[in-house]
Structure formats: C-alpha cells, structure tokens
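Everything below concerns the one structure shown next.
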Amino acid sequence: MTTTATTAPGTVRRATDPSPLLAAGELPQGQHFIAGQFRAGTSGETQAIVDPSTEAVICQVAQGTVEDADAAIQAAFDAKEAWGRTVPKHRSEILLAIADRLAENADLLARLEALNTGKAMMVAEDDVAGSIDSFRFMAGAVRATTSLAAGEYAENHLSVILREPLGVVGVVTPWNYPLLMAAWKIAPILAAGNTMVLKPSEQTPLTTLNFAELIADLLPAGVFNVVTGLGPVIGARLAEHPKVDMIALTGSVNSGRAVARAAAETVKRVHLELGGKAPVVIFADADLAAAAESLRAAGYWNSGQECGAGCRVLVHESVAERFSQLLVEQVGTLVVGEPTAGADVEMGPMISKAHFERVLGHLERAKAAGAKAALGGGALEGRGYFVAPTVLVDVPEGAACTQEEIFGPVVTVETFSSEEEAVTRANQVPYGLAASVWTLNPQLGHDMASRLDAGTVWVNSHLVLANEMPWSGFKSSGYGRDLSAYALDDYSRTKHVMHNKAR
Ligand code: NAD
C-alpha cells in the first residue's frame with residue numbers, strides 16, 4: 001500500500017485464526033434475481049467484489065444492463081396486481097416467515113456482511129438483528145393501520161378512504177449498511193402491497209443476493225427482484241422507467257439529486273434518505289463523561305460510515321478542554337481490527353480504496369486548515385483500508401471538516417459561547433438528518449430539540465434507533481420516512497371514494 005505511515009497510536013488487530021469468514025459454498029450466486037429466478041446478466045460483464053480489510057477479491061457479480069433492469073421491472077409490473085390484492089394478514093404472515101428465515105440464517109448473513117464491508121462482527125450482527133426486527137415490525141404495523149374516519153362530510157355523501165399500494169417501487173441502497181438499508185425498504189414496501197426492484201450498491205451486493213436466495217420460496221415470483229450493477233445505469237433506469245411508480249434511494253446527496261431529476265420526467269414519487277453531518281451540542285452543565293462515552297459509539301460505529309454519526313461536536317467553551325480529554329480517553333480504547341480478529345473488535349476499515357483516500361484527503365485538508373489531531377489523524381499501517389479513530393480539536397469555525405460529510409472515524413470538536421451561537425452553528429450545514437443535545441436542564445433540552453433542524457434529535461443520547469419511530473432527514477438530507485408506520489404511509493397512496501347516498 002502506498003499510503004504514508006500513520007502517526008496514530010493504534011494498530012490494526014489482525015486475524016490469527018486462518019479459517020475464512022465463509023466456508024466453501026456459502027457465497028451467494030453473483031447473478032440478478034428476476035421473476036423468482038437467478039439469471040446471468042445480458043452483457044456477461046462482471047464486477048469484482050473486494051474484502052476491504054484484506055483487499056482480496058471475494059467473487060465476481062453480474063454488472064447489470066438497462067435490459068436487465070427492464071426485465072426486472074417487467075417482472076415486478078406483471079406481479080403487482082395479484083400481490084396488491086392480497087390482504088394485510090396474508091402479507092403480514094409472509095413478512096413474519098421472512099423474519100424467521102433471516103433469524104435462522106443470522107450467523108451466515110452477519111459473516112457475509114462482515115466479509116463484504118469489513119465491518120466488525122458486532123456491527124454486522126446488530127445489522128442483521130435490526131433487519132429481522134424491521135420485518136417483524138412491518139408485519140404488525142400493516143395489520144393495524146389507521147386512517148381518517150369514514151363518514152358524511154358533504155351532505156348525503158359518504159366518504160371512505162382506501163389505502164392502496166403504489167405499484168412497482170424501485171429501490172437503490174448504499175454500501176454502509178447493505179442488508180439493513182435493504183430491509184428498511186423491503187419490509188414496508190412489500191407490507192404496503194407493492195412489488196419492487198432493488199439495486200444494491202455495486203460494492204456490497206452479497207447480503208442482498210443472499211437475502212433473495214433465502215426468501216425465494218416465500219414470495220410469489222416477481223414481487224421482489226434484484227438487479228446488480230452501477231448507479232448511473234441500473235439506478236438511473238429505475239428512476240426514469242415509466243412502469244416504476246416510485247423510486248426510493250438511500251445514498252449521497254448527489255445520487256439523490258440525480259434520481260430526483262430522472263424521476264421528474266414521469267412525475268413519479270421520490271423517497272430520499274441522504275447524507276448527514278450530525279451536530280452534538282454539549283452545554284456546560286452536561287454529564288461530560290456520559291457524552292464522551294456515548295460518542296465513542298455514536299461517532300465511530302461502523303467506522304463512522306454512518307449517516308447519523310455524531311461527528312460534529314459543539315461544546316461550551318468553559319468545558320471544552322475537559323470534554324476533549326474525556327473523548328480522547330474513550331476513543332483511544334476502541335479496538336480496531338479485521339472482522340475475524342475477535343468478537344471484541346469494534347471498528348473495521350473504510351469500504352474501499354477510493355473512500356479510504358477520500359477520508360485521508362479530508363484529514364489532510366483539516367490539518368492544513370489548522371485543526372489538530374488530538375488522536376489518530378491518518379491511515380493505519382498494513383493491508384486493508386484502515387483509518388485511525390480520530391478526534392480533531394482546535395477546529396476553526398467554518399472549516400470544511402465541520403461542513404462536509406467525511407463518513408469516516410473522525411469527530412471534530414468546536415466550541416461555542418452562547419446558546420444562540422450553538423443553535424446557529426449547529427444548523428449551519430446543508431444537512432438535517434440527526435442531532436443531539438447534552439444538558440441536565442430539561443427546559444433547555446426541550447427548547448434545543450425544537451430549534452435544531454434535524455429529522456431526529458436526541459437529548460442526552462445519540463444514535464439510538466427504534467423500528468417504531470421514523471428516520472428521515474430535512475434539508476439536503478432528503479425527504480421520505482424510513483421505519484415506523486410513517487414508512488407504510490410513504491409507500492402507499494390514499495384514495496377518497498365518495499358514495500352518493502341520497503334517496
Ligand atoms: P452513493 O450515493 O454513492 O450510492 C448509493 C447508491 O446510489 C448506490 O447503489 C449507487 O450505485 C447508487 N447511485 C449512484 N449514482 C446514481 C445515479 N446517478 N442514479 C441512481 N443511483 C445511483 O452513496 P454510498 O457512498 O453508497 O453511501 C453513502 C452515502 O449514503 C452517505 O452520503 C450516507 O450519508 C448516505 N446514507 C444515508 C442514510 C440515511 O438513512 N439517510 C443511510 C445510509 C447511508
């Protein structure tokens with residue numbers, strides 16, 4: 001590897017057990033899943049899938065074409081009428097069966113996810129557990145939907161609201177939580193009675209393909225389809241195709257913009273879960289030790305490749321030094337390593353060489369702007385795309401590292417002197433996905449929660465999610481809700497039927 005050696009204190013824990021994460025025969029087929037069958041792509045071209053902790057090629061996966069996408073869309077289109085007519089109880093039972101199937105294969109899914117993303121086993125296991133619970137939650141929620149009361153709102157006319165599926169939904173997912181982000185879409189989309197075509201990230205298709213294999217016998221052919229390949233090819237086709245009724249993307253702001261532009265031509269619905277740059281506002285009265293301990297997880301979980309990561313600390317100037325010390329102490333204990341290097345490994349590598357270099361570029365620019373690495377600050381030596389857990393202090397106001405999504409194990413610490421300044425600066429980024437406020441004053445906590453421009457605000461916590469509660473962004477973080485009954489609404493349409501009952 002050509003990267004300069006690290007100045008960070010940490011090292012990467014390497015696997016001592018020579019047995020690989022996957023046994024022979026456990027890899028999924030690297031083909032599209034269309035109309036209930038695995039199919040080779042029309043082009044015959046493939047893409048190499050790389051293990052980011054070792055840089056070894058794991059396997060090859062089909063590089064989809066527009067023809068492949070069209071075949072999957074047609075399959076979903078052909079299946080939509082029959083699936084859309086099924087009753088909620090029927091779909092609920094299938095979702096529960098999918099949850100059970102995932103649970104039976106949880107260990108394989110976690111190992112596959114760890115292999116493809118390099119993430120720590122504890123993160124991969126958490127992803128799988130969250131995915132299973134998404135299906136269980138939606139299986140219940142779809143049987144308990146509510147709507148405006150039917151009744152006579154215009155004289156002699158009875159109004160009834162029908163909740164209907166949209167039809168075919170196109171889905172594009174990112175590489176940071178491949179299975180979890182897929183589950184967050186698949187569960188409500190199928191629960192609401194839609195059929196779908198999913199394009200996983202070209203870097204991390206393995207758990208999505210394995211999911212298709214695992215549930216193939218549980219769903220009618222064509223209800224769920226997967227096409228692997230590039231965003232500007234397959235994702236763009238899903239966004240523009242007239243037989244796709246809605247496009248849902250989790251990814252970067254640029255991809256969200258591209259999808260929304262392409263969808264405009266057919267005026268299809270768009271659901272976007274995009275990037276974030278979550279502020280963590282710490283007041284002088286906060287429990288600083290609790291905040292530092294929470295950020296040890298919230299800033300570095302999944303190596304900081306997390307859209308809700310608490311990555312931008314704004315701490316009151318009177319406690320900034322003490323807090324920075326506590327944070328460095330906490331973060332300095334993180335165990336970085338390959339996924340096979342032990343159950344206590346907490347942090348893995350960046351997803352790819354390109355992303356690794358991008359994160360290092362951010363760090364170089366931050367240092368050039370005057371920020372100081374109180375911990376980490378560079379790459380970790382050896383194979384794989386490992387970056388040291390990093391805490392940047394003395395960060396000048398407005399520095400790029402406080403405004404742009406780094407998407408790595410990097411937390412910046414800035415200071416503020418007044419509440420007004422804290423609010424202004426916390427909201428001074430284009431993103432609005434998540435934020436947290438730390439104070440022991442409940443009134444201040446409530447007030448800050450209402451003033452922070454983010455779809456999720458934690459008070460004295462960060463990055464705790466619940467499947468019952470919505471996850472969605474404001475501003476450039478997108479629109480559309482994942483999780484909760486709100487997601488079911490987003491993937492449904494409401495129809496007003498009015499009966500003239502005059503006699
Ligand atoms: P990305 O935008 O590069 O890719 C996401 C997906 O979009 C991939 O499948 C990619 O192939 C596809 N894509 C790329 N260009 C496209 C185009 N022109 N048309 C259609 N599809 C296209 O994002 P990424 O690097 O895979 O993921 C990281 C990003 O995702 C970060 O910005 C992160 O914040 C965001 N994210 C957001 C959430 C959330 O819930 N808001 C969750 C996870 C990740």
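Tabulated results
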| quantity | calculated |
| --- | --- |
| 23 Å Cα-Cα threshold exceeded, pairs from LYS243/LYS277; LYS199/LYS243; LYS199/LYS277; LYS89/LYS199; LYS89/LYS495; LYS89/LYS243 | LYS243/LYS277; LYS199/LYS277; LYS89/LYS199; LYS89/LYS243 |
| Candidate aspartates and glutamates - alpha carbon under 13 Å from LYS475, same-chain residues fewer than 8 apart omitted | GLU273, ASP453 |
| Segment 1-150 - percent relative contact order, Cα under 8 Å, separation 6 or more | 21 |
| Accessible carbon and sulfur surface of segment 279-466 relative to its total accessible area, %, 1.4 Å | 51 |
| Segment SER19-ASN254, extension gain: residue separation times 0.36 nm, minus the distance between their alpha carbons | 80.6 nm |
| From phi via Karplus (6.51, -1.76, 1.60), per-residue ³J(HN,Hα) for segment 343-357 in Hz, x at Gly/Pro | 5, 8, 5, 10, 9, x, x, 6, 5, 8, 4, 4, 6, 4, 5 |
| Sequence-distant residues sharing a close amide H with ILE282 (under 5 Å, placed H) | LEU314, VAL315, HIS316, TRP438 |
| Label-point gap, in nm, between HIS157 and ALA354 - each point 7 angstrom along Cα→Cβ | 5.4 |
| Label-point gap, in nm, between ARG269 and ALA290 - each point 7 angstrom along Cα→Cβ | 3.9 |
| Nonlocal amide H pairs with PHE224, under 5 Å, H built at 1.01 Å | MET196 |
| Sites HIS90 and SER417 - FRET efficiency at Förster radius 60 Å, r taken between beta-carbons, to 0.05 | 0.50 |
| Accessible area expressed per residue, the chain, with surrounding protein chains retained (probe 1.4 Å, Å²) | 39 |
| Nearest-10 value in Å² for the accessible area of VAL12, using the 1.4 Å probe | 20 |
| Inter-site label distance for ARG261 and ASP394 at 7 Å from Cα along Cβ, in nm | 4.2 |
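The values are calculated or read from the model by the stated rules, or taken from the named source; none is laboratory data. Computed from a prediction, not measured in an experiment: that's the story for all the values here. Heads up, the Cβs are rebuilt from the backbone with ideal geometry, glycines too, and the neighbour counts pull from every protein chain shown. Surface areas here come from the heavy atoms of the whole protein model, side chains and all, with no ligands, DNA or RNA. Shrake-Rupley method; radii C 1.70, N 1.55, O 1.52, S 1.80 Å.
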